[in-house]
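Contents: one structure, followed by commentary.
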Amino acid sequence: MRKVKVIVEPADCGFSAYMADSGLDYSCIGEGTTIEETVEDFKRSYEGMKDYFKETKRPFEEVEFDFRFPSRQISLRQI
């Protein structure tokens with residue numbers, strides 16, 4: 001399974017998360033007032049995208065995410 005970097009960084013609303021250039025047919029984003037909310041929102045976005053591809057009978061490449069926090073110099077690895 002391919003691993004995709006997800007960048008989590010401070011934003012006006014708190015934090016935002018987005019997929020680094022992955023070459024996939026889709027992209028996901030997330031936002032929240034905390035890092036935890038942002039990661040959960042991103043995961044919901046991913047699940048929503050997976051559902052949409054299934055409903056439209058399009059092939060969906062599942063990936064693993066490597067959450068990165070450049071401003072904190074840490075990495076959180078989750079699926």
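Values quoted throughout were computed directly from the atomic coordinates according to the rules given, and no laboratory measurement underlies them. Worth saying up front: this structure is predicted, and the values here are computed from it rather than measured. Ideal geometry is used to build each Cβ from the backbone, glycine not excepted, and the neighbour counts take in all protein chains shown.
Scan around LYS5 for amide H atoms under 5 Å from its own, H built in the peptide plane at 1.01 Å from N, and keep only partners 5 or more places away or cross-chain.
So LYS5 has HN proximity to ALA20, ASP66.
Cβ neighbours within 10 Å, averaged per peptide: list 43-51, 3-11 in order, most packed at the top.
Packing order, densest peptide first, comes out as 3-11, 43-51.
Treating the angle as unsigned and between 0 and 90°, give the value, to the nearest 10°, between the Cα long axis of helix 35-55 and the longest Cα principal axis of the chain.
Between the helix axis and the principal axis of the chain, the angle is about 10 degrees.
Could you work out the relative contact order of the stretch 3-78, using alpha carbon pairs under 8 angstrom and six or more residues apart, expressed as a whole percent? Intermediate results must be reported in sequence, preceding the final value.
Values: 125 pairs, mean separation 23.7, N = 76.
Normalised by residue count, the contact order of the stretch 3-78 is 31 percent.
Which far-off residues, 5 or more places away or on another chain, put their amide H under 5 Å from the one on GLU61, with H placed in the peptide plane?
HN-HN under 5 Å from GLU61: empty list.
Mind ordering 53-60, 22-29 by average Cβ neighbours within 10 Å, highest first?
Per-residue mean Cβ counts within 10 Å order the peptides as 22-29, 53-60.
If Lys and Arg each add +1 and Asp and Glu each add -1, what is the summed charge of the other residues whose beta carbon sits under 12 Å from the beta carbon of THR56?
+1
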